[in-house]
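Inspection log for the structure reproduced underneath, given as structure tokens.
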Amino acid sequence: MEYVVQQIMNALAFGAEYALLALGLAIVFSIMGLVNFAHGEIIAVGGYTMVAAAALAFKNPMIVIGAAITAAVVASVTLERVAFRPVRYADPTTGLLTAFGVSMILQNLFLLLVSPRPITVTSLFFLEWSIDLGGVRVSSLQLFEALATIVVIILLMLFLRRTLLGLAMRAASLDFEMVRLSGVRANRVFAIAFMISGLLAGIACVFIMARRGSVDPHLGFDPVLKAFVACVVGGFGSLPGAVLGGFLLGAVEVAMLVMLPQSLGGMTDAFVFGIIALLLFWRPDGLLAPRSEKGDKH
Amino acid sequence: MLRVRNLRVYHGIIEAVHGINIEVPLGKCVALLGPNGAGKTSTISAITGVVKSEGSVSFEDRNLSSLSVEDRIKAGISVSPEGRRVFANLTVEENLVLGGALKPKCRSDRIAEWFKTFPILGERRAQPAGTLSGGEQQMLAIARALMNEPKILLLDEPSLGLAPKIASQIFEMIKNLKQENITILLVEQNATQALKLSDYAYFLNNGHILAEGKPEELGGREDLMAELTGIT
Ligand SMILES: Nc1ncnc2c1ncn2[C@@H]1O[C@H](COP(=O)(O)OP(=O)(O)O)[C@@H](O)[C@H]1O
Ligand SMILES: [Mg+2]
């Protein structure tokens with residue numbers, strides 16, 4: 001029983017991390033058709049900010065967490081302003097190359113200016129202890145991660161349904177020009193999309209750092225790769241798809257970890273991606289692909 | 001007054017409109033007629049700033065040429081675009097809220113007004129706008145365009161693709177707007193109906209103004225009317 005619950009918690013925690021990051025990718029993609037490959041570097045910025053905040057002798061972990069999330073948001077919005085705004089209306093390939101370039105530049109900056117080696121941050125270890133849930137012991141960190149993700153998803157949904165900018169973002173995914181023709185500034189829509197994307201990356205960063213305890217220039221690579229897969233599974237550009245894809249990927253990953261014999265342990269990802277490939281064979285556009293018709297635009 | 005001077009409109013390197021002059025005086029309804037591909041939508045797009053153009057567009061003696069799309073809307077221009085372009089994934093009500101982005105004051109009162117005017121939209125307020133029929137989407141598109149309380153409304157082929165009966169409902173709606181002294185630039189291929197509503201008319205073909213004048217003068221020109229497809 002305990003084993004099953006623990007594995008479910010594992011799946012939820014993995015899934016939550018992927019869902020947070022996949023949502024961040026999907027939000028940006030849905031309004032500007034850009035796969036933001038620099039999303040991983042935004043997570044790394046959060047990680048390094050934790051190092052800096054801890055080194056500045058902020059003993060209060062809440063300050064360290066707040067600083068990391070703030071830095072991720074600022075980094076994301078800055079990237080939009082500096083790198084993506086000039087290619088905003090360019091063709092998708094240009095955007096893609098820009099995102100790759102930005103990702104490389106940031107990674108190299110981390111390598112040159114900080115260190116290629118992992119730097120340990122201990123401020124977040126307090127998040128991890130063992131909680132007794134009716135006789136079953138689960139990890140507090142995993143519980144927090146799942147809960148935080150659910151809260152974030154609900155808040156995001158409220159934002160998208162209840163605020164003018166939220167409506168504008170949803171509408172912009174189908175017809176951005178018409179949103180501008182309603183008087184909503186495109187700059188605000190892009191800024192808010194990157195802000196939310198950065199916020200989600202920052203929150204994910206806190207949990208990644210709490211689990212790994214160290215940051216290196218490639219901190220975000222693996223999580224964002226998985227998030228990208230989650231987006232593809234869910235249907236790229238669909239926000240519910242990103243969430244579904246994230247949790248599904250977490251579940252498949254944990255199932256593989258549990259079911260594969262020890263000798264194949266190193267090949268979990270290969271099996272996971274194999275299953276995903278089969279899934280895409282069945283549903284090439286992902287599970288919740290956004291409808292391809294763009295209103296009545298054309 | 002909206003004044004378009006020597007307007008040239010470009011789609012990439014193609015020049016679609018070759019230096020036209022149009023004026024829409026305050027409180028008037030001006031028709032812009034012409035067959036498919038004449039450059040009507042290009043003209044509208046140049047006025048709202050979504051395509052590249054040369055020449056000048058001014059509104060209330062203010063030159064709009066260097067303004068962004070958003071600033072032109074803020075200056076009081078609003079458009080019900082060709083093909084309606086309602087936000088299909090938003091509900092009817094959300095479409096109206098977003099349409100009134102610049103005028104949050106009393107927005108819900110104005111939405112309630114519209115639901116009274118068009119009960120069918122009221123009934124479907126919580127439905128995605130994409131589920132509406134063509135005529136309903138057109139009503140919604142016009143209502144949405146008016147939510148920002150614009151000083152001038154640009155209507156791009158509001159009757160396009162609608163059954164004659166539905167189309168006359170839309171023209172009825174435009175007539176009511178006219179009675180409220182809303183300034184309108186009406187782009188149409190349905191000349192008969194558009195000329196009935198307008199105070200002045202231009203005839204555009206191949207990016208040139210072929211003729212302009214009182215509606216009855218233009219309506220009498222057999223040669224022009226023959227150019228138009230889908231005359232009813
Ligand atoms: N996005 C575009 N790219 C290239 N050519 C275009 C584009 N839009 C319109 N055109 C061309 O410009 C001309 C005028 O088109 P348009 O303004 O849509 O005419 P109308 O609205 O009167 O039917 C046409 O020859 C059309 O093919
Ligand atoms: Mg047209």
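The values are calculated or read from the model by the stated rules, or taken from the named source; none is laboratory data. Because the structure is a prediction, the values reported are computed rather than measured. Cβ placement follows ideal geometry from the backbone for every residue including glycine, while neighbour counts extend to all protein chains displayed. Accessible surface is based on the protein model in full, side chains and every heavy atom, while ligands, DNA and RNA are left aside. Shrake-Rupley method; radii C 1.70, N 1.55, O 1.52, S 1.80 Å.
Segment A:194-234: which trypsin sites (Lys or Arg not before Pro) are DSSP loop and have at most 16 other beta-carbon atoms within 10 angstrom? Don't skip to the end; give the middle numbers.
Numbers: sites: A:Arg211, A:Arg212, A:Lys226; in loops: none.
The qualifying sites: there are none.
With θ taken as phi - 60° and the Karplus curve 6.51 cos²θ - 1.76 cosθ + 1.60 applied, the whole-hertz 3J(HN,Hα) list for segment B:151-156 is 8, 9, 10, 9, 10, 9 Hz, x standing for glycine and proline. For the set B:Ser66, B:Ser42, the ranking by accessible area, highest first and with no ligand, DNA or RNA atoms included, is B:Ser66, B:Ser42 under a 1.4 Å probe. Take B:Leu2: with every protein chain present and a 1.4 Å probe, its accessible area is about 0 Å².
Legend: calculated FRET efficiency, B:Cys106 to B:Met1, from the Cβ-Cβ distance at R0 = 22 Å, rounded to 0.05, equals 0.20.
The contact residues of segment B:73-88, meaning those that lose at least 50 Å² of 1.4 Å-probe accessible area when all protein chains sit together rather than their chain alone, are B:Arg85, B:Phe87.
What the Cβ-Cβ distance of B:Arg221 and B:His18 gives, at R0 = 25 Å and to the nearest 0.05, is a FRET efficiency of 0.75. Solvent-accessible area of the protein assembly as shown (1.4 angstrom probe, protein heavy atoms only): carbon and sulfur portion equals 62 percent. Within segment A:90-145, the chymotrypsin sites (Phe, Trp or Tyr not before Pro) that combine a DSSP coil assignment with at most 12 other C-beta atoms in a 10 angstrom radius are A:Trp129. Across segment A:223-237, computed HN-Hα scalar couplings (Karplus, 6.51 cos²θ - 1.76 cosθ + 1.60, θ = phi - 60°) run x, 6, 4, 5, 5, 4, 4, 4, 4, 5, 4, x, x, 4, x Hz from first to last residue, x flagging Gly and Pro.
For the protein assembly as shown, a simple Cβ point-charge model (Lys and Arg +1, Asp and Glu -1, everything else neutral) yields a dipole of about 840 debye relative to the Cα centre. For the chain pair B and A, the buried solvent-accessible surface (1.4 Å probe, both sides summed) amounts to about 2200 Å². Taking amide H positions as modeled 1.01 Å from N, with prolines and chain starts lacking one, the residues under 5 Å from B:Gly55 and 5 or more places away or on another chain are B:Arg8. The residues of segment B:95-116 listed by number as losing at least 20 Å² of accessible area in the complex, against the isolated chain and with a 1.4 Å probe, are B:Val97, B:Leu98, B:Ala101, B:Leu102. When you filter the GluC sites (Glu not before Pro) in segment B:127-223 for DSSP loop state and at most 15 other Cβ atoms inside 10 Å of their Cβ, you are left with B:Glu180. Here's how it looks for B:Leu32: its modeled amide H is under 5 Å from those of B:Leu186, B:Val187, B:Glu188, B:Tyr202, which are all 5 or more places away or on a different chain.
Taking each of B:Lys151/B:Lys175; B:Lys52/B:Lys151; B:Lys103/B:Lys151; B:Lys165/B:Lys196 in turn, the alpha-carbon distance tops 18 angstrom for B:Lys52/B:Lys151. Going by accessible surface with a 1.4 Å probe and the largest first, A:Ile8, B:Ile20, B:Ile182 read A:Ile8, B:Ile182, B:Ile20.
For segment B:2-229, the solvent-accessible area works out to 41 Å² per residue, with a probe of 1.4 Å and every protein chain left in place.
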